[in-house]
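Accompanying notes for the structure given below.
Values quoted throughout were computed directly from the atomic coordinates according to the rules given, and no laboratory measurement underlies them. A quick note: this is a predicted structure, and the numbers were derived from the prediction, not measured.
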Amino acid sequence: MYPDAAQQAALARAFGCARVVFNDAVRAREDARKAGQAFPTAGELSRKLITEAKKTASRCWLGEVSAVVLQQSLRDAESAYRNFFASQRGTRKGPKLGSPRFKSRKDARQSIRFTATDQARMPATDRTIGIDLGLTLPQTPSGGTPIAVLSDGTKIDSPRFLRRAEKKLKKAQRELARKEKGSKNRAKARLKVARAHAEVADARREFHHQLSTRLISENQGIAVEDLSVKALARTKLAKSVHDAGWSSFIGMLEYKAERYGRTLVRIGRFTPTSQTCSTCGAVDGLKPLHVREWTCTACGTVHDRDHNAALNVKQAAGLAVSACGALVRPGVIPAQREETGSHGFPTGNRAA
């Protein structure tokens, strides 16, 4: 986001009010603990720290921001205490958590939360799409290498965030390795490496958010392959698989589809989408990865390998028949012997 001056001021007010309410909630609980009294309930805190506080001269400015922001800040404090108590009892996995601390206005990371409402639901559409996920393919007209091909023929370029940042990452890691263990310079170098990795992760996450939101907004039904990412990550394709971030992308599609009233269907990973003719349904056999176009021996249709696979993903999910009504699933297409399992990929840089 790129807020203007007025929006920046509004955000700053919201950040400050949410921080004050959170700190007030922590202070109220700590005072009760020291006095040996029962912790105030969420309802009591809401009434005292928000409703009644707005009527006082010292907290009247809480009324300048959305009440939703303030209520969510209280819920965050409640959640922090629940996690703390669960950690102390040993019912929460992970390292032991300390008690909730006051938030500082000097902290560079400030946050607020809003609740989703039915206004967030997108209008219904009769469009559906199938997605063939990939790693590297022949270049698109824009000069990039697509991360996905859609059943409407669209090819989406892969930014390859990790590959592009490798030079910077290697330099930072070399500098870290040269620093003396336990020194301040090593601590600075470690933070530099961490920031470099965080930049890559943030850029990839932003790309996935934009792409998943666009697909969800434009289509009522979306079909994807249920890929075995863990298996692919154990092959020579591992770096490219992690760079693509398929699991994160599909996860975003799932929760956004549920939130906005869309349909997301996963098809079996062994469905031979790249071997089946999307026109007549004939299974034409396994093809090496360098074969990007092929002609169906049954009907003579010429196929782009990845566009054809995306069409088959859509048809296998039943989305080609109905998007808004009941999904009509076609019969299961048996996988070829050469295509079953996750080992023995043909030589190349993309999984079939």
- Item | the stretch 64-113, relative contact order [Cα under 8 Å, separation at least 6], % | 42 percent
- Query: Of the cross-linked pairs LYS54/LYS93; LYS96/LYS167; LYS93/LYS256, which ones have a Cα-Cα span greater than 30 Å in the structure shown?
  - Reply: LYS54/LYS93; LYS96/LYS167
- Query: Whole-Hz Karplus ³J(HN,Hα) for the stretch 67-80, in order, using 6.51 cos²θ - 1.76 cosθ + 1.60 and θ = phi - 60°, x for Gly and Pro?
  - Reply: 5, 4, 4, 5, 5, 5, 5, 4, 5, 5, 5, 4, 5, 4
- Message: Run the reach check for LYS168 against lysines, Cα to Cα strictly under 23 Å, same-chain hits fewer than 8 apart removed. What comes back?
- Response: LYS179, LYS181, LYS184, LYS188, LYS192, LYS236, LYS239
- Note on the structure: Per its Cα gyration tensor (rounded if a/c is under 1.5, else prolate when a/b beats b/c, else oblate), the stretch 1-92 is best filed as oblate
